[in-house]
Amino acid sequence: MEALRRIGALGVELTIDDFGVAQSNLAYLRSLPLKKLKIDSSFVRDLGTQPDAAVIVQTVSAMAHGLGLEVAAEGVENAAQLERLAGMGCREWQGHLYSAPLEAREFERLFAPGRGEHAQVS
């Protein structure tokens, strides 16, 4: 914990990945110099089919914002998920909605000026 605090003091931003599964611990939210929580893809995947997934995502997002943290979601695969997450205050995401993983050169081409809506993604 002390090493992570020292790393954070150097300006390195820390994110808890897969929040809500495995070894996630609410005490980390108070003891680590965090910038962001990343919601696990299992909750994102179930947003449209499992009401409890939406409750968990909404709760984690509200809690994170209340603690001054940013929220990201992983596993965003369709526009409906992205719209729902945005409505819950999740402004960052990763997933295959726009593209599968790419080599650097292909990534640059995808986001090159003049590429329509993809050029607007941040």
Selection from region 82-107 of residues assigned to a loop (DSSP other than H, G, I, E, B) and within 18 Å of Asp17 (Cβ to Cβ) yields Cys90, Arg91, Gly95, His96, Pro101
Given the conditions (1) of a type outside the set (Val, Ile, Thr); (2) part of a strand (DSSP E or B); (3) over 27 Å from Gly8 (Cβ atoms), every one holds for Leu37 apart from (3)
Pairs returned, first residue in region 1-28 that is within 24 Å of Gln58 (Cβ to Cβ) and among the hydrophobic types (A, V, I, L, M, F, W, C), second residue that is part of a helix (DSSP H, G or I) and modelled with pLDDT of 85 or more, beta-carbon separation under 7 angstrom, 6 or more apart or interchain, are Phe19/Val60; Val21/Ser42
If we ask which residues in region 15-53 are surrounded by 12 or more Cβ atoms within 10 Å (Cβ to Cβ), among the acidic types (Asp, Glu) and modelled with pLDDT of 75 or more, their number turns out to be 2
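The values are calculated or read from the model by the stated rules, or taken from the named source; none is laboratory data. Since this is a predicted model, take the numbers as computed values, not measurements. Note that each Cβ is placed from the backbone with ideal geometry, even for glycine, and that neighbours are counted across all protein chains shown.
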